[in-house]
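The next block holds one structure in the form of structure tokens; read it before the comments.
The values are calculated or read from the model by the stated rules, or taken from the named source; none is laboratory data. Keep in mind that what you see is a predicted model, and the values were worked out from it rather than measured. Cβ: placed from backbone, ideal geometry, glycine included. Neighbour counts: every protein chain shown. These accessible areas exclude ligands, DNA and RNA; they are computed on the full protein's heavy atoms, side chains included. Shrake-Rupley method; radii C 1.70, N 1.55, O 1.52, S 1.80 Å.
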Amino acid sequence: MANFRGEEHLSDALSSVLRQTHGNLELIVSDDASPDDSVSIVKAAMASDCRLRLIEAPANAGPAAARNRALEAATGDWIALVDSDDLLHPQRIERLLAGARRLGADIIADDMVFFGDTADASGRTLLQPLALTAPLTVDAALFLKASGEDANLPALGYLKPLIRHNRIGSMRYDESLRIGEDYDFILRLLLADLRFAVLPDPMYLYRRHSGSISHRLNESAARVILAAHDLVATTTHANLHAALDLRRKGLLALLDYERLLQAIRNRQAPKAAGLLLRQPGLLLDLGRSLADRLSRKNSVPEARRPARVKLGQGLENRLIEPLSVQCCAVPPAGENWVHAPAPMAAALSALAARYNLSCDPLDEAGAWAADLVPP
């Protein structure tokens with residue numbers, strides 16, 4: 001768990017890891033010189049759980065450096081990635097490990113449930129467009145294709161996988177990257193022929209808030225991402241050149257957009273006009289960005305009133321009071337689901353954005369789903 005200024009949600013993130021049904025774990029928090037109370041929060045938790053370790057950086061060096069410090073200290077057979085404001089289903093590690101054994105995977109991940117303080121931040125999962133009812137095999141070609149260039153594919157680089165420690169070897173995160181470091185790392189592992197499988201289980205709760213969805217990219221960061229891509233492309237199999245070229249075109253378009261934003265900020269009208277003349281599509285990107293920013297600005301979190309929700313098989317989904325959600329039966333990890341589980345998780349996320357929920361599980365499936373309800 002890399003952390004920087006995560007005090008607001010850090011305690012909940014720590015607890016969600018330490019309450020895993022797979023208890024044989026160590027949680028390494030790599031703090032990147034946080035100026036808030038993050039370190040104090042971790043030290044307080046360490047007093048009651050010896051599985052928790054803290055690495056303190058002398059100066060802020062970015063998320064890739066923080067992850068590398070944790071990798072150097074890790075002793076487990078598997079490395080699990082979790083952000084310091086996210087939450088895990090209590091069975092997540094147990095089910096991912098079982099799925100990895102069943103599928104023979106070196107990298108194993110699950111679906112992500114988006115949640116946050118506003119309705120637009122909630123109510124969906126990352127892999128929902130795929131309607132998965134069985135594990136998905138991800139190779140380098142699919143991972144590249146799902147990097148944003150294909151609108152029909154979710155961005156698989158967001159996934160937070162478990163990775164076999166001995167297959168990582170000496171590979172480390174590229175510390176020049178402050179954005180996109182996870183994507184680059186997983187891509188290089190796939191190019192080293194690691195086997196990647198994704199379960200349909202929605203067990204990673206990904207918090208979206210003003211700090212995580214604001215525009216953090218800039219022209220300099222975009223150039224670094226492009227340089228990292230080009231470095232990977234020089235040592236890649238010939239059959240992936242088309243996919244790499246497509247991603248490079250997307251990164252160049254991203255760089256042009258960042259140049260446009262910088263020109264607008266600096267009031268360089270001729271430069272901005274020249275970019276728009278050469279790339280008229282940038283005007284559409286700019287319009288979408290402004291509309292999204294206005295939407296977020298106007299999305300003031302509403303006070304959530306209490307509500308109870310019934311969870312179980314055989315129920316009819318009712319998102320009006322009295323609330324109820326039909327829950328999928330949970331098969332052994334790595335086997336087929338009877339139904340796609342993403343809509344169930346998305347419905348719970350949507351409800352939690354509107355209500356302060358209390359859950360009434362009616363059966364085993366309902367009890368499993370209750371742990372997907374965001375706070």
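So the values come out like this:
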read-out: Dipole axis of segment 134-238 (+1 Lys, Arg; -1 Asp, Glu on Cβ), positive-most option in Ala233, Ala151, Ser176; value: Ser176
read-out: Neighbourhood net charge (15 Å Cβ-Cβ; Lys/Arg +1, Asp/Glu -1) for Ala80; value: 0
read-out: For segment 59-65, 3J(HN,Hα) per residue [Karplus equation, 6.51 cos²θ - 1.76 cosθ + 1.60, θ = phi - 60°, Hz, x = Gly/Pro]; value: 8, 5, 10, x, x, 5, 5
read-out: Under 29 Å from the Cα of Lys160 - lysines, other chains or at least 8 residues apart; value: Lys43, Lys145, Lys249, Lys297
read-out: Nearest-0.05 FRET efficiency for Ser289 and Asp363, computed from C-beta distance (R0 35 Å); value: 0.20
read-out: Karplus-derived HN-Hα couplings along segment 19-24 (A = 6.51, B = -1.76, C = 1.60, θ = phi - 60°), whole Hz, x at Gly and Pro; value: 9, 4, 5, 8, x, 7
read-out: Sites matching trypsin sites (Lys or Arg not before Pro) across segment 251-346 that sit in DSSP coil, with at most 15 neighbouring C-beta atoms within 10 Å; value: Arg267, Arg304
read-out: Share, in percent, of DSSP beta bridges within the chain that are antiparallel, nearest 5; value: 30
read-out: The chain - accessible surface per residue (Å², probe 1.4 Å); value: 48
read-out: Dipole magnitude of the chain about its Cα centre (Cβ charges: Lys, Arg +1; Asp, Glu -1), debye to nearest 20; value: 840
read-out: Heavy-atom accessible area ranking, 1.4 Å probe, most first, across Ile108, Ile55; value: Ile55, Ile108
read-out: Proximal aspartates and glutamates to Lys310, defined as alpha-carbon separation beneath 12 angstrom and excluding residues fewer than eight positions away on the same chain; value: Glu321, Asp360, Asp363
read-out: Extension gain, Asn317 back to His339 (0.36 nm per residue minus Cα-Cα distance, nm); value: 6.5 nm
read-out: Note, ³J(HN,Hα) from phi for segment 352-369, Karplus 6.51, -1.76, 1.60, rounded to Hz, x at Gly and Pro; value: 5, 6, 9, 10, 8, 7, 10, 9, 10, x, 9, 7, 4, 5, x, 5, 5, 5
read-out: Extension reserve of the Leu18-Asp37 stretch, reckoned as 0.36 nm per residue once the Cα distance is removed; value: 4.9 nm
read-out: Estimated FRET transfer efficiency when R0 is 51 angstrom, pair Ala233-Arg304 (beta carbons, to 0.05); value: 0.60
read-out: Positive-end residue, the chain charge dipole about Cα centroid, Cβ charges, pick of Cys359, Val39, Ser289; value: Ser289
